[in-house]
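Asks: Have a look at the structure that comes next, please.
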Amino acid sequence: MTPPIVQACLQSPAVTALLGSGTDMRLYSFGEAEQGVTKPYAVWQVVNGSPENYLAGRPDADGITLQVDIYATTGQKARQVRDAMRDAIELEAYITRWGAEGRDPATNNFRASFDVDWWVSR
């Protein structure tokens, strides 16, 4: 049930220019970004989902909503990453919410957020 967000972003030169490429890409599942990771970076997490149920048989797909948060040293850089990720993801899924922009009070990092709905085949 893992959405292909990393694969979609790895195929985008704009995203890899900002977040790195291959195993060095700074796009992490929630809780996996290490302390002191280079900025900008992004994290994603599943916030909602449901199987595509049928009257007969097992579901063959899951609808999943992800929340994506981008952290950067400037607001401009956070928006730049958000827009590059948007352009990469919209080829395969739907952006459904633009989250509030802000500054993390503990780290002073800038943050941009959005939600994306993805259909994942089983």
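Quick note: the coordinates plus some simple rules give every number you see, no bench work behind them. This one's a predicted model, so the numbers in the text were calculated from it and none came from an experiment. Don't worry about glycine lacking a Cβ; one is built from the backbone with ideal geometry, like all the others, and counts go over all protein chains shown.
Asks: At what distance in nm do the modelled label points of T2 and V46 sit from each other, each positioned 7 Å from its Cα along Cα→Cβ?
Replies: 1.2
Asks: Give me T16, T73 ranked fewest to most by other Cβ atoms within 10 Å of their Cβ, as a rough exposure proxy. Could you put the intermediate results ahead of the total?
Replies: On the way: T16 18, T73 13.
Exposure proxy ranking, most exposed first: T73, T16.
Asks: Can you tell me the dipole magnitude for region 5-121 around its Cα centre, using point charges on the Cβ only (Lys, Arg +1; Asp, Glu -1), in Debye to the nearest 20?
Replies: 440
Asks: Once the Cβ-Cβ distance between E34 and A106 is put in as r, and R0 is 22 Å, what FRET efficiency do you end up with, to the nearest 0.05? Display every interim value, and only then the final one.
Replies: Details: r = 16 Å, r/R0 = 0.73.
After rounding to 0.05, the efficiency reads 0.85.
Asks: Rounded to the nearest 10 degrees, what's the angle between the helix 75-89 long axis and the longest principal axis of the chain, both from Cα atoms, 0 to 90?
Replies: 30
Asks: How far apart, in nanometres, would the label points at Y94 and R79 be if each is projected 7 angstrom from Cα along the Cα-to-Cβ direction?
Replies: Output for this residue pair reads 2.7 nm.
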